[in-house]
1. Answer yes or no as to whether N86 is under 19 Å from D17 (Cα atoms) and modelled with pLDDT of 95 or more.
2. What pairs come up if the first residue lies in the stretch 20-32 and is under 13 Å from A93 (Cα atoms) and in contact (Cβ under 8 Å) with a residue 24 or more places away in the chain, the second is of a type in the set (F, W, Y) and surrounded by 12 or more Cβ atoms within 10 Å (Cβ to Cβ), and their beta carbons are under 9 Å apart, counting only those six or more places apart or on different chains?
3. When S46 is evaluated against the numbered criteria (1) free of Cβ contacts under 8 Å to residues at least 24 places away in the same chain; (2) closer than 24 Å to T2 by Cα; (3) among the polar types (S, T, N, Q); (4) crowded, with 17+ Cβ neighbours inside 10 Å, which criterion, by number, is the only one it fails?
4. Filter the stretch 58-80 down to the residues that are in contact (Cβ under 8 Å) with a residue 24 or more places away in the chain, farther than 12 Å from A15 by Cβ and among the hydrophobic types (A, V, I, L, M, F, W, C), then identify the one that is surrounded by the fewest Cβ atoms within 10 Å (Cβ to Cβ).
5. From the list R55, R5, R35, pick out the single residue that is under 20 Å from I111 (Cα atoms), surrounded by 12 or more Cβ atoms within 10 Å (Cβ to Cβ) and of a type outside the set (F, W, Y).
6. Within the stretch 81-101, restricting attention to residues that are among the hydrophobic types (A, V, I, L, M, F, W, C) and in contact (Cβ under 8 Å) with a residue 60 or more places away in the chain, which residue is surrounded by the most Cβ atoms within 10 Å (Cβ to Cβ)?
7. Does the stretch 11-18 contain at least one residue that is polar (S, T, N, Q) and either more than 15 Å from the chain's Cα centre (by Cα) or under 30 Å from N86 (Cβ atoms) (or both)?
8. Here is a list of conditions, (1) over 17 Å from S29 (Cβ atoms); (2) outside any helix (DSSP H, G or I), and N86 meets all of them except one; can you say which number that is?
Amino acid sequence: MTIQRFEDLVVWQKAQDLAVLVYQNFTDSKDFGFRDQITRASVSISNNIAEGFERSSNSDFKRFLYFSLASNSELRSMLYLAKRLNYIDSDLALKLINETNEISKMLYSFIKSMK
């Protein structure tokens with residue numbers, strides 16, 4: 001069965017869920033620059049998957065999956081920093097970092113399957 005809509009991609013769904021968690025946990029941050037950057041990175045993951053899905057070729061789609069992967073790595077890096085700055089506690093940091101690792105695995109597998 002061929003997927004007809006990006007909304008049906010499990011990796012897109014997980015990326016959306018992760019963005020919601022990031023927003024929920026950084027909404028009250030007074031470090032506006034940090035909050036803006038981490039929320040933008042989190043949203044970029046699912047947005048790049050969606051945008052790439054609508055492209056006209058698999059090579060374009062793969063390129064956007066790599067953009068998504070890069071945004072996911074940026075988010076993971078910022079989560080480590082958030083933990084070090086005590087913006088979030090260790091348990092939450094671990095949970096969110098584990099989510100980014102799972103999304104990375106899914107994106108790598110998806111990209112590999114398209115080759």
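1. Values: under 19 Å from D17 (Cα atoms): no; modelled with pLDDT of 95 or more: yes.
The answer is no for N86.
2. Within 9 Å, the pairs are N25/Y87; F26/F34; F26/Y87.
3. So the condition that S46 fails would be (1).
4. Pass one, the stretch 58-80, residues in contact (Cβ under 8 Å) with a residue 24 or more places away in the chain: 58, 61-62, 65-66, 68-69, 71-76, 78-79.
Retained after the next criterion (residues that are farther than 12 Å from A15 by Cβ): 58, 61-62, 66, 73-74, 76, 78-79.
Filter once more, keeping what is among the hydrophobic types (A, V, I, L, M, F, W, C): 61, 78-79.
Numbers: F61: 20, M78: 22, L79: 25.
Of everything passing the filter in the stretch 58-80, F61 is surrounded by the fewest Cβ atoms within 10 Å (Cβ to Cβ).
5. Details: R5 fails: surrounded by 12 or more Cβ atoms within 10 Å (Cβ to Cβ); R35 fails: under 20 Å from I111 (Cα atoms).
That would be R55, the only listed residue that is under 20 Å from I111 (Cα atoms), surrounded by 12 or more Cβ atoms within 10 Å (Cβ to Cβ) and of a type outside the set (F, W, Y).
6. Taking the stretch 81-101 first, the residues among the hydrophobic types (A, V, I, L, M, F, W, C) are 81-82, 85, 88, 92-94, 96-97.
Still in the list and also in contact (Cβ under 8 Å) with a residue 60 or more places away in the chain: 88, 92, 96.
Details: I88: 18, L92: 15, L96: 23.
The residue in question is L96.
7. Of the residues in the stretch 11-18, the ones polar (S, T, N, Q) are 13, 16.
Restricting the remaining residues to those that are either more than 15 Å from the chain's Cα centre (by Cα) or under 30 Å from N86 (Cβ atoms) (or both) gives 16.
Within the stretch 11-18 (the criterion being polar (S, T, N, Q) and either more than 15 Å from the chain's Cα centre (by Cα) or under 30 Å from N86 (Cβ atoms) (or both)), the answer is yes, since at least one residue qualifies.
8. (1)
The values are calculated or read from the model by the stated rules, or taken from the named source; none is laboratory data. These numbers come from a predicted model, not from an experiment. Ideal geometry is used to build each Cβ from the backbone, glycine not excepted, and the neighbour counts take in all protein chains shown.
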